[in-house]
Structures are given as C-alpha cells and as structure tokens.
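Notes follow once the structure below has been shown.
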Amino acid sequence: MKIIETDVTVDFLRGENSFIKDRINELVKQGKDLRITQITLSELWYGVHSLKNKQKQISEGKKLNNFIIKFPEILTLNVQTSKIYGEICAELDKQGQRVPQFDLLNAAIAINTKSQLITRDKSHFPRINALSEFDFLELWD
C-alpha cells in the first residue's frame, strides 16, 4: 500500500505538474493500492473552503469529491497510530526538531500500516523517518 501525502495530492489535483500526474497514473496502471489519510482529506477540504470565489469553491469541491470516490478506504487514526505519534513527537521535541502536526500524523498512519508515504516534503518527513523502525518514506522530486 502507498499513501499519497497532501503535497503530492494537491499537485495531482491541480494537474499542473506532469511528473506527479504521470507517476500517479503509472502506479494506478500497475494496480498499486493507493490511499490517502483522513489528515490529507481534511487539509484538502480546508483548501477548497479557503477559496474566496464561491464558484471556484464549488468546482474544486466537485473535483475533490470525484477524486475521493476512487479510494477504497480513507486511512484514519487509531490507538496504535496515536501511540506512534506521541512517541515520535516527544522525541522530535527533545531534539528541538518539531515538525508540523499534520505531517507527523500522516507519518504515524504510514508507520502503523507499514505503508510507503509518497511526498515531496524533503524537510519534515526525513526527520520523522529517521526515528521510525519502518522506512515509510518515498520522496519524489
């Protein structure tokens, strides 16, 4: 299973990055089990509702709905994910290397489900990956 993180999902939905679009479409053709998390979905809906133009909100909301229905399951938080989150967050705090909470929650879900997390974020996720026993990170340029 591969989890598409928020930055890659946004690029895919916007359709402006042909590299991302081609890579995602190739994974789909290969029959890879692609998922998104509840965290990413929340961030995406925030982006839609932050748009100032009401018509743009409606069109982007429809686009997002059409995207969501293609996923068999949205991955969510559970007890084990919360434990992983707490452990890694505390360790990052001790090191003075805190990362955004949404990134850490997405990473905890990937670690818990032993899934690869596809992201372009080269600054936050490598710090989290370094503290995980499971190498969950798949960095895209």
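Restricting PHE12, PHE19 to residues that are more than 22 Å from LYS114 (Cβ to Cβ), in a helix (DSSP H, G or I) and touching a residue at least 60 places away in the same chain (Cβ under 8 Å) narrows the list to PHE19. Here VAL28 fulfils each of the conditions (1) more than 12 Å from the chain's Cα centre (by Cα); (2) not in a helix (DSSP H, G or I) apart from (2). Residues that are aromatic (Phe, Trp, Tyr) and more than 23 Å from VAL28 (Cβ to Cβ) within the range 46-67 comprise just one, TYR46. Checking the structure you have, find out if any residue of the range 45-59 is in contact (Cβ under 8 Å) with a residue 40 or more places away in the chain and not in a loop (DSSP other than H, G, I, E, B). No, that holds for no residue.
Bear in mind that the values in this text are calculations on the coordinates, not laboratory data. Here the structure is a predicted model, which means the values were calculated and not measured. For neighbour counting, all protein chains shown are included, and Cβ atoms are generated from backbone atoms with ideal geometry for every residue, glycine included.
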